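Heads up: the structure comes next, in structure tokens.
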Amino acid sequence: MLAYIIRRVAQSALVLLIVGLVAFAMFRFVGDPIDNMLGQERTADDIERLREQLGLDQPFVVQYYRFLENAVQGNFGVSYRQGRPVIDILMERAPATLELAAVSGILAVLFGIALGVFTAIRRKGIAANIIMSVSLIGVSLPTFLIGILLIYLFSVELGWLPSFGRGEVVDLGAWTTGFLTASGLKALILPSITLGLYQMTLIMRLVRSEMLEVLRQDYIRFARARGLRNRAVHFRHALKNTMVPVITVIGLQVGAIIAFAIITETVFQWPGVGLLFINAIQFVDIPVMAAYLMLISVMFVGINLIVDILYFFIDPRLRVDRKGGH
Amino acid sequence: MAEPVLSIRNLSVEIPTRHGILKPVDGVTYDIAAGEILGIVGESGAGKSMAGNAVIGLLSPPAHVSAGEIWLNGERIDNLKGDAMRRLRGKEIGMVFQDPLTSLNPLLRIGDQLVETMLTHLPISKSEAEKRAVAALEEVGIPGAAKRVNSYPHEFSGGMRQRVVIALALCAEPSLVIADEPTTALDVSVQAQIIALLKRLCRERGTAVMLITHDMGVIAEAADRVAVMYAGRLAELGPVRDVITAPEHPYTHGLMASTPLASRGKSRLHQIPGAMPRLDAVPDGCAFNPRCPRVADRCRQAPAPTVDGNAAACWFPLQHEEAS
Ligand SMILES: Nc1ncnc2c1ncn2[C@@H]1O[C@H](COP(=O)(O)OP(=O)(O)OP(=O)(O)O)[C@@H](O)[C@H]1O
Ligand code: SF4
Ligand SMILES: [Mg+2]
């Protein structure tokens, strides 16, 4: 068990090192940092001094090491555009994205699994067929279009829900939350549906096909032959086995939700890190871009690590077993 | 004579398809008494499993019972629906499948699978069920049962898993067990043990057993009577000894001649020419007529008389004067 987790952590660290290298390369080679930091009026002296100060005269490996050292401490340098430490800006923006991603992720996973199970069990029913057809739309419509349609319907036509922003937020010190005000909650509805819909349909379709596969297995026939109630056959026996292959995909999709937040945040002018990133691209604000990249990959890797450990708890075959039988 | 546990009367199963209606089981009649083991033999596709699935109510649609009756302990069960039938499964009818490697849920401890089965059918507490789970494993010969209840299926070998499957099939004390090729997937070395176990447990409890197999050795070893199926119909039914040593139906005769059975001491194996007809091309009259050495015009016109009791479904059965 411990060996398994250590192996996974080591793999995660490796992935992060590689992403770090990409982020660092961006810093170093996209545009000239000196150019970016000094304005038009500069002397050769200024440049030389800054180069030394930033350690740019050091060998590549040393520079990379410095970069990592700083990154681990949360030091990503100063935003070219805002002149403030990147980490401060990110921390201001992160709660908005994380709350949006959390709500979308929970919606996608809960509804995805529930509808997937339903459409698998009632494979031939009318409701299941309607859901399957509608889900095709969910998979094929681009996110921004869904967002715009929702805005048109619920904000413009019906006027029920706000079309942009986070609503009122409550400042809890290190964290600002939209969960505690009515307007904050209302503002979450459209963006989280927009962001989670694609993942929900994906999870639903996957759960359905895996569940149908599981329902064909011998142990399900045997469970029925033992006279177990439908509820036990479907949820105790089938669903658990369905989740084994599905859970990896769910992990990836929850990660994807955070990454895809860029589009949704743009459509809804949601003040999160995604919108920050889009603005950073426009201004070639490399430190912000690099930090965003690192942040997203840490989350991806973290989620995957959690999924791997979950696996381990669901599937006894993965556990180191005392060999039995003969 | 005591009432049989299982009584199948003129049972037919139909599968409607685009190319017409197929009849994988066609007018089959037999009884199984308490404590009796009835062997069902026949080539692959003869309808053995279909008949078993019909009894336990697990035909996969569109297959369905189209005619005949199934009686269990004096109650008609072929017309039971949904939950009423579900209650009988596991409780009155236990089932053992062919492949023990895939019959058990890999994610649940075997003890939990036993406990859930008992709690579904028996009015006992959870702790009582846990106690009985250990006892059930002991009974099927799992060493260290008290510990092994907490093991997962992958921690057992194939033979041990089939013992677990048998424990599961018997744990609510059903009056009938359907064993569909219970040893086909096992090592030859453990096949005999599993058959002996099944036989002992059912004899002790007076359980009726429907033992489906195409291994005549298994039949000779365990069964009291044997039913031979061909193209969905019953070709011959009788006590094992009679059917093996003095088959009356030409198909059974061919089948015996093609089976290496120590008790018959034949050294050269005989092959029946041709193959069993596909379900969409069963010939008129006796289904065996294209392959039968004794075929006559009559066989092509009228279906052979159906088996009821101990007889062969044949117009011209083989005579065994020397035996009587
Ligand atoms: N859904 C279906 N559609 C058409 N034919 C089917 C279908 N299911 C089963 N059959 C046919 O029904 C017949 C009886 O099958 P069954 O499984 O009862 O045979 P069996 O005697 O158990 O053979 P085996 O020894 O291979 O297990 C076979 O010929 C099979 O091809
Ligand atoms: S009825 Fe005729 S064809 Fe059929 S088995 Fe008997 S002799 Fe052969
Ligand atoms: Mg079969």
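Yes or no, residue by residue, for (1) small (Gly, Ala, Ser); (2) under 30 Å from A:Lys240 (Cβ atoms); (3) within 14 Å of chain B (Cβ to nearest Cβ):
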{"residue": "A:Lys186", "(1), (2), (3)": "no, no, no"}
{"residue": "A:Leu197", "(1), (2), (3)": "no, yes, no"}
{"residue": "A:Arg208", "(1), (2), (3)": "no, yes, no"}
{"residue": "A:Val214", "(1), (2), (3)": "no, yes, yes"}
Original post:
Within the range B:101-129, how many residues turn out to be open to solvent by 10 Å² or more (accessible area, probe 1.4 Å), assigned to a helix (DSSP H, G or I) and within 11 Å of another protein chain (Cβ to nearest Cβ)?
Top reply: 7
Subject >> Tally, over the range B:98-129, of residues that are without any contact (Cβ under 8 Å) to a residue 12 or more places away in the chain and more than 16 Å from ligand 1 (Cβ to nearest atom) >> reply: 9
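Return yes when B:Gly52 is closer than 30 Å to B:Lys23 by Cα, within 16 Å of ligand 1 (Cβ to nearest atom) and surrounded by 15 or more Cβ atoms within 10 Å (Cβ to Cβ) and no when it is not.
Numbers: closer than 30 Å to B:Lys23 by Cα: yes; within 16 Å of ligand 1 (Cβ to nearest atom): yes; surrounded by 15 or more Cβ atoms within 10 Å (Cβ to Cβ): yes.
Taking the combined requirement at face value, the residue satisfies it.
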Subject >> A:Asp171, sole failed condition from (1) open to solvent by 30 Å² or more (accessible area, probe 1.4 Å); (2) more than 24 Å from A:Ala259 (Cβ to Cβ); (3) modelled with pLDDT of 90 or more >> reply: (3)
Original post:
In the range B:223-236, what residues are in contact with a helix residue (DSSP H, G or I) (Cβ under 8 Å, 6 or more places away or on another chain) and surrounded by 24 or more Cβ atoms within 10 Å (Cβ to Cβ)?
Top reply: B:Ala223, B:Val226, B:Val228, B:Met229, B:Tyr230, B:Ala231, B:Gly232, B:Ala235, B:Glu236
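What number of residues within the range B:36-49 satisfy the criterion of being more than 9 Å from ligand 3 (Cβ to nearest atom), open to solvent by 10 Å² or more (accessible area, probe 1.4 Å) and at pLDDT 90 or above? Walk me through it before giving the result.
If we filter the range B:36-49 for residues that are more than 9 Å from ligand 3 (Cβ to nearest atom), which is where we start, we get B:36-43.
Right, trim to open to solvent by 10 Å² or more (accessible area, probe 1.4 Å) and you get B:36, B:43.
From what is left, the residues that are at pLDDT 90 or above are B:36.
Qualifying residue count for the region: 1.
So which helices (runs of 4 or more DSSP H) stay within the range B:155-262 end to end and still have 2 or more residues that are over 26 Å from A:Arg221 (Cα atoms), within 16 Å of ligand 3 (Cβ to nearest atom) and modelled with pLDDT under 90?
Working: elements: B:158-170, B:188-205, B:216-222, B:240-245, B:250-257.
Because the criterion is at least 2 residues that are over 26 Å from A:Arg221 (Cα atoms), within 16 Å of ligand 3 (Cβ to nearest atom) and modelled with pLDDT under 90, no helices (runs of 4 or more DSSP H) in the range B:155-262 meet it.
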Original post:
All but one of (1) open to solvent by less than 20 Å² (accessible area, probe 1.4 Å); (2) not in a loop (DSSP other than H, G, I, E, B) hold for B:Ile142; which doesn't?
Top reply: (2)
Subject >> B:Arg132 open to solvent by less than 60 Å² (accessible area, probe 1.4 Å), charged (D, E, K, R), in contact (Cβ under 8 Å) with a residue 24 or more places away in the chain and not in a loop (DSSP other than H, G, I, E, B) >> reply: no
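Here's the yes/no breakdown for (1) within 14 Å of another protein chain (Cβ to nearest Cβ); (2) within 16 Å of ligand 1 (Cβ to nearest atom):
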site	(1), (2)
B:Val5	no, no
B:Asn10	no, no
B:Val28	no, yes
B:Gly45	no, yes
B:Leu58	yes, yes
B:Gly68	no, yes
B:Trp71	no, no
B:Asn79	no, no
Original post:
Hey, B:Ile56 hits all of (1) within 16 Å of ligand 3 (Cβ to nearest atom); (2) under 13 Å from the mean Cα position of the chain (by Cα); (3) within 24 Å of B:Ala220 (Cβ to Cβ) but one; which does it fall short on?
Top reply: (3)
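Would you be able to say whether some residue in the range A:112-129 is under 20 Å from the mean Cα position of the chain (by Cα) and either surrounded by 19 or more Cβ atoms within 10 Å (Cβ to Cβ) or under 28 Å from A:Tyr292 (Cβ atoms) (or both)? Can you show your working first?
Within the range A:112-129, the subset under 20 Å from the mean Cα position of the chain (by Cα) is A:112-113.
In the following step, the residues that additionally are either surrounded by 19 or more Cβ atoms within 10 Å (Cβ to Cβ) or under 28 Å from A:Tyr292 (Cβ atoms) (or both) were identified as A:112-113.
Yes, that holds for at least one residue.
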Original post:
Which residues, taken from the range A:215-240, are in contact with a Ser or Thr (Cβ under 8 Å, 6 or more places away or on another chain), open to solvent by less than 10 Å² (accessible area, probe 1.4 Å) and of a type in the set (A, V, I, L, M)?
Top reply: A:Leu228
Original post:
Has the range B:289-296 got any residue that is outside any helix (DSSP H, G or I), among the charged types (D, E, K, R), more than 10 Å from ligand 2 (Cβ to nearest atom) and modelled with pLDDT under 85?
Top reply: no
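May I ask you to say which residue of B:Ser157, B:Ser151 is buried (at least 20 other Cβ atoms within 10 Å of the Cβ), at the interface with another protein chain (Cβ under 9 Å from one of its Cβ atoms) and away from ligand 1 (no atom under 16 Å from the Cβ)?
Working: B:Ser157 fails: buried (at least 20 other Cβ atoms within 10 Å of the Cβ).
It is B:Ser151.
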Original post:
With (1) under 30 Å from B:Gly274 (Cβ atoms); (2) within 16 Å of ligand 3 (Cβ to nearest atom); (3) of a type in the set (Phe, Trp, Tyr) as the list, and B:Tyr30 as the residue in question, which single condition is left unmet?
Top reply: (2)
Subject >> helices (runs of 4 or more DSSP H) within the range A:217-299 that include 1 or more residues away from chain B (no Cβ under 12 Å) and of a type in the set (Gly, Ala, Ser) >> reply: A:240-267, A:273-282
**OP:** Can you give me the number of residues within the range A:264-310 that are farther than 28 Å from A:Tyr152 by Cα and among the aromatic types (Phe, Trp, Tyr)?
**Re:** 3
**OP:** Residue by residue through the range B:87-100, note down the ones that are at the interface with another protein chain (Cβ under 7 Å from one of its Cβ atoms) and either open to solvent by less than 10 Å² (accessible area, probe 1.4 Å) or farther than 19 Å from B:Cys202 by Cα (or both).
**Re:** B:Arg87, B:Gly90, B:Met95, B:Asp99
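The values are calculated or read from the model by the stated rules, or taken from the named source; none is laboratory data. Predicted, not measured: the structure shown is a model, and the values here were computed from it. Backbone-built Cβ (ideal geometry, glycine too); neighbour counts: all protein chains shown. Accessible surface areas use protein heavy atoms only, side chains included; no ligands, DNA or RNA. Shrake-Rupley method; radii C 1.70, N 1.55, O 1.52, S 1.80 Å.
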